[in-house]
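Working notes for the structure below.
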Amino acid sequence: QVQLVESGGGSVQAGGSLRLSCAASGRTLSTLAMGWFRQAPGKEREFVAHMHRGGSTTYCADSVKGRFTMSSDNAKNTMYLQMNSLKPEDTAVYYCAARMGVVGSRSESNYDYWGQGTQVTVSS
């Protein structure tokens, strides 16, 4: 069983930055493919970024490309989402997810484990 705990959410003004963390337990992060998703009020959950197992390859949604960066620290068994140049439309609950596979996925149905979510609010 894998447990995921997000942290680092908060409130910032547009143009600001936040770094979200997702601490994993129960399994070594390097054996998992990982993803970040978000859900804004009244909207469906959407893909943000994913990482192949081992952390060598990452992909971001077009809406965040160039502003968000996904990374991992295997020594801390933690992955991160660095969010820069934040916009009000980035406001959402952010979730990290893990799957028992080699490649990450843009589809939330492909993930086996989920964190509880962390709120990010960006004001204009």
Collect the residues in the range 101-122 that are open to solvent by 50 Å² or more (accessible area, probe 1.4 Å), part of a loop (DSSP other than H, G, I, E, B) and closer than 15 Å to Glu46 by Cα, keeping them in residue-number order. Arg106
Pairs needed: first member in the range 10-28, surrounded by 15 or more Cβ atoms within 10 Å (Cβ to Cβ); second member anywhere, of a type in the set (Phe, Trp, Tyr); C-beta distance under 6 Å; at least 6 residues apart or different chains. Leu20/Tyr94; Ser21/Tyr80
What pairs come up if the first residue lies in the range 80-93 and is in contact (Cβ under 8 Å) with a residue 40 or more places away in the chain and open to solvent by 40 Å² or more (accessible area, probe 1.4 Å), the second is among the small types (Gly, Ala, Ser) and in a strand (DSSP E or B), and their beta carbons are under 9 Å apart, counting only those six or more places apart or on different chains? Gln82/Ser71; Pro88/Ser123
Check on Ala98, over 25 Å from Ser11 (Cα atoms) and in a strand (DSSP E or B): yes
Return only the number of the condition from (1) closer than 14 Å to Glu6 by Cα; (2) without any contact (Cβ under 8 Å) to a residue 60 or more places away in the chain; (3) loosely packed, with under 14 Cβ neighbours inside 10 Å that Asn77 does not satisfy. (3)
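The values are calculated or read from the model by the stated rules, or taken from the named source; none is laboratory data. Quick caveat, the model's predicted, so the values are computed rather than measured. Neighbour counts are summed over all protein chains in view; Cβ atoms, including those assigned to glycine, are modelled from backbone coordinates with ideal geometry. What goes into the accessible areas is simple: the full protein's heavy atoms, side chains included, and nothing from ligands, DNA or RNA. Shrake-Rupley method; radii C 1.70, N 1.55, O 1.52, S 1.80 Å.
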